[in-house]
1. Could you tell me how far the Cα centroid of the stretch 122-162 sits from the Cα centroid of the stretch 38-69, in Å?
2. Sorted from fewest to most neighbouring beta carbons within 10 Å, what does the list Y148, Y38 look like?
3. Taking K and R as +1 and D and E as -1, what net charge do the other residues with C-beta under 10 Å from the C-beta of N213 add up to?
4. With θ set to phi - 60°, apply the Karplus curve 6.51 cos²θ - 1.76 cosθ + 1.60 along the stretch 103-120 and write out the HN-Hα couplings as whole Hz, x wherever there is a Gly or Pro.
5. What is the distance, in nm, between label points placed 7 Å from the Cα along the Cα-to-Cβ direction at D71 and at Y38?
6. Given labels modelled 7 Å from the Cα in the Cβ direction, how far is it in nm from H28 to S201?
7. When a/c reaches 1.5 or more, the comparison of a/b and b/c decides; with that in mind, is the chain rounded, prolate or oblate per its Cα gyration tensor?
8. On a full-extension model of 0.36 nm per residue, what is the gain between D143 and D62, subtracting their alpha-carbon distance, rounded to one decimal in nm?
Amino acid sequence: MNNEQYKIYIDKVIRRVEAARLKVSDYHIVKIVAISKYSNSQDIQKLYQIGQRAFGENKVQDLKLKIKDLDELPLEWHFVGNLQKNKINNLLDINPSLFHALDSLELANELQKKLLAKDKTLDALLQINSAKEESKYGVMPEDAKNIYEQIVTNCPNINLKGVMSIGAHSDNKEVIKKSFDTTYEIYKSLDGASICSMGMSGDFELAIECGSNMVRLGSIIFNK
């Protein structure tokens, strides 16, 4: 696929995002984070050339390498993966724009200690396991508001911006919708929350229609 064909392809993806957005409201804004974990620096440059600025990685080492490789470009880097405690310092040294997967109060407390020691802050989203699936990380929906508020109170170096969740692993659209609705209702109940990150390549339109204002697109946007 040459550059012109790729631009046409991306325009189709953008139109799908726009159509879903307009079902919510003319004023509803949706940010696309391009998840580049299966893509290389050349792929990222191609997307940059047609206007994409926010990119996400799910491994700290991969994020570090791509930031270094693409240092000359004004990119916004997100970390979307599960964070192991022994990788916290490595992530904080990279200083991502947003950490999507703050999945427990325990991790928040560890992050707070390390951030305080480094005199840094970190923008983050609380991950909610809205479908209550054993294969997924995140806090349970019934605990989410309380944990969110505890982090705001007790972890001042973490700037919670909102919530993130992954749609239910199901072929049933209603089951997936229910998981998104659950996350969105929690999001609406949180004082000061501005980001509701839901939706990936296979379900982003439904997620947007359920209120998502940030989608994480990997395979579909890189045409993999």
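Readers should treat all values here as calculations from the given coordinates under stated rules, not as data from a laboratory. Given the structure is predicted, the values throughout are model-derived calculations rather than measurements. Quick reminder, even Gly has a Cβ in these numbers, built from the backbone with ideal geometry, and neighbours come from all protein chains shown.
1. Computed from Cα coordinates, the inter-centre distance equals 26 Å.
2. Values: Y148 26, Y38 11.
Neighbour counts put them in this order, fewest first: Y38, Y148.
3. Values: positive: R21, K31; negative: none.
Charge balance near N213 sits at +2.
4. For the stretch 103-120, the Karplus-derived couplings read 9, 6, 5, 4, 5, 4, 5, 5, 4, 4, 4, 6, 5, 4, 5, 8, 6, 10 Hz, x marking Gly and Pro.
5. 3.0 nm
6. Taking the simple label geometry, H28 and S201 are separated by 2.4 nm.
7. Working: a/c = 1.87, a/b = 1.15, b/c = 1.64.
In terms of gyration-tensor shape, oblate.
8. Between D143 and D62, full extension yields 26.0 nm more.
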